[in-house]
Amino acid sequence: MPFEVKEGEPLTERIGVRVTATEKVKLRADADDAGLSVSELVRRRYFGRKIVAHADEKMIRHLNRIGGLLKHVHNESGGTYSAETARALRQVYAFIDQLANRGADQ
């Protein structure tokens, strides 16, 4: 019985790969950061799938909240701070985009 099913196909096959002790520690640390198993991390990296660290996901949620608060200030100020809040919103959303796309580069 397979452990998981990926893209409609069960994960039934195993491969063995030898790595150094240092490489193993780094793989485990990277997998922990992303909230993944080492196997899933290796699959995602090899097949070019996105890997987003938990810290990045948490930061994106906080930035979205800040963006919502900035939008509220922007709307409620009646245009008083429109230039400043518009600039801040653009910066927040640019950073969110940067964080979200960073996983694709790994």
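Read-outs: derived from the displayed coordinates by stated rules, not from any lab. Please read all numbers here as calculations on a predicted model, not as lab measurements. Every residue, glycine among them, receives a Cβ derived from its backbone with ideal geometry; neighbour counts consider all protein chains shown.
Here residue 25 fulfils each of the conditions (1) surrounded by 13 or more Cβ atoms within 10 Å (Cβ to Cβ); (2) among the aliphatic types (A, V, I, L, M); (3) over 29 Å from residue 90 (Cβ atoms) apart from (1). Which residues, taken from region 7-25, are more than 14 Å from residue 41 (Cα to Cα) and not β-branched (Val, Ile, Thr)? Across region 7-25, the qualifying residues are 7, 8, 9, 10, 11, 13, 14, 16, 18, 21. Pairs meeting the criteria (first residue in region 14-36 and free of Cβ contacts under 8 Å to residues at least 40 places away in the same chain, second residue of a type in the set (D, E, K, R) and in a helix (DSSP H, G or I), beta carbons under 8 Å, at least 6 apart or on different chains) are 31/40; 36/44.
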